[in-house]
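Here the structure is laid out as structure tokens; the discussion comes afterwards.
The values are calculated or read from the model by the stated rules, or taken from the named source; none is laboratory data. All values reported here derive from a predicted model rather than from experimental measurement. Note that we place each Cβ from the backbone using ideal geometry, even for glycine, and neighbour counts take in every protein chain shown.
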Amino acid sequence: MIVHQGLRRDIVAMSDGLSAASLILARYGWTLSLSPGSEAADSGPDSVLWRCSAGNLIVASSPGSPGGLIVEFPDLARAEVSRSDRRVRVSPLVPGLSRHDLDHFISDILLPRLVAEDGPLVVHGALLSRDTDAVCLVGDSGRGKSTLSAALQKAGWTLHGDDALHLRAEGAEIGARATYPSLRLFSDSLDHLFPDPPADLSPVADYLDKFRLAPDDVGGPAGTPRLRAVLLLEAGDGTDAIAARPVTAVTLCMSLLRQSFSLNPADPVAAHERLTAASAVAAAVPGFALSYPREFARLPEVVDLVRSTLDRVGAAAKQEMAARSVLPGDI
């Protein structure tokens, strides 16, 4: 049995032998099974459709399933995905793969790509809200999304998740929902933000210096808040400046696409759907390039800037609504 510390406790207490990872996939209509992986470890995938630039993720066609795919993280695990009946079979690629590594593969690598089958826009980012208004932090791995998310949460924001979020149009607005409640911190951020470590802390993966906090420490509800702003985390420029600079809709759209998940990135139809969805988000929600020095002592200033940015966006939206409500005869 796989024990996943990064899911809500109400699904961790299980009596039927299913893993928590399989239950979170079931929420999205996918059935998970695990195999020993001896056959998968003997050979690499055939008919490669896409390979990421770093070489650590491969998507291939599945010879035993028409329309099926194989998603492989070399030296970790492989998933055989049957889209027709929404079944996933995961196989370790190394002997003695730990439960942390396997759950990381399922929840952080595989899950957002499966969600994107119905999305179509699932982006690598964190989601935080105040009341029903939310902001998302988007950026490359290592840019500090989780650290800033934890700092915002400690300042009173609701943290929904720090890994992947599903964005979709809901009328004239954009709804946002984390794929699952998560907060994962490197050891230095954990030491600074949580001097007394939570009891349910667990490694994200054996090969990462990163730890997962339990959902009670995340605190995010299962709701879908309205997205009000997207903050693009930029690399530090070597200065002490803290700024949120507005970006164009084109820049925001391309950034969302660059950070989006797809089960098969080589699929042109899915790519067009992602572009359409990202364009809709960029047309409805303002984007800002957020830059700040990566210093723990400056985090309170960054938190204040995020708050004031959301306040400005809200005030501008109210002014626009008021202007639209004025009839021509009233001018």
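Go through the residues of segment 253-261 one by one and say whether even a single one is within 19 Å of residue 179 (Cα to Cα) and small (Gly, Ala, Ser). Yes, because at least one residue in segment 253-261 is within 19 Å of residue 179 (Cα to Cα) and small (Gly, Ala, Ser).
Restricting to strands (runs of 3 or more DSSP E) lying wholly in segment 90-177: which have 1 or more residues that are of a type in the set (D, E, K, R)?
Because the criterion is at least 1 residues that are of a type in the set (D, E, K, R), the strands (runs of 3 or more DSSP E) in segment 90-177 that meet it are 121-130, 133-138, 164-170.
Checked against (1) within 26 Å of residue 23 (Cβ to Cβ); (2) surrounded by fewer than 16 Cβ atoms within 10 Å (Cβ to Cβ), residue 74 meets all criteria but (1).
Is there a residue in segment 270-289 that is at negative phi, among the polar types (S, T, N, Q) and modelled with pLDDT under 95? Looking through segment 270-289, none of the residues is at negative phi, among the polar types (S, T, N, Q) and modelled with pLDDT under 95. Of the residues making up segment 167-188, those that are surrounded by fewer than 24 Cβ atoms within 10 Å (Cβ to Cβ) and touching a Ser or Thr at 6+ places or on another chain (Cβ under 8 Å) are 170, 175, 177, 185, 186. Residue 137 satisfies every condition listed in (1) aliphatic (A, V, I, L, M); (2) assigned by TED's automatic domain parsing to the domain that holds residue 193; (3) at pLDDT below 95 except (3). Any residue in segment 103-113 that is at pLDDT 95 or above, among the charged types (D, E, K, R) and closer than 24 Å to residue 278 by Cβ? Yes, that holds for at least one residue. Of the residues making up segment 233-269, just one is at pLDDT below 95 and among the hydroxyl-bearing types (Ser, Thr, Tyr), namely 239.
Condition check ((1) among the polar types (S, T, N, Q); (2) farther than 30 Å from residue 83 by Cα) across all residues:
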{"residue": "225", "(1), (2)": "no, no"}
{"residue": "239", "(1), (2)": "yes, yes"}
{"residue": "267", "(1), (2)": "no, no"}
{"residue": "274", "(1), (2)": "no, no"}
{"residue": "285", "(1), (2)": "no, yes"}
{"residue": "294", "(1), (2)": "no, yes"}
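Here residue 316 meets the list (1) closer than 18 Å to residue 246 by Cβ; (2) modelled with pLDDT of 95 or more; (3) aliphatic (A, V, I, L, M) almost entirely, failing just condition (2). Annotation note: Cβ proximity below 7 Å between a residue of segment 7-32 that is on the phi > 0 side of the Ramachandran plot and among the small types (Gly, Ala, Ser) and a residue that is at pLDDT below 70 and not in a loop (DSSP other than H, G, I, E, B) (sequence gap 6+ or interchain) occurs for no pair.
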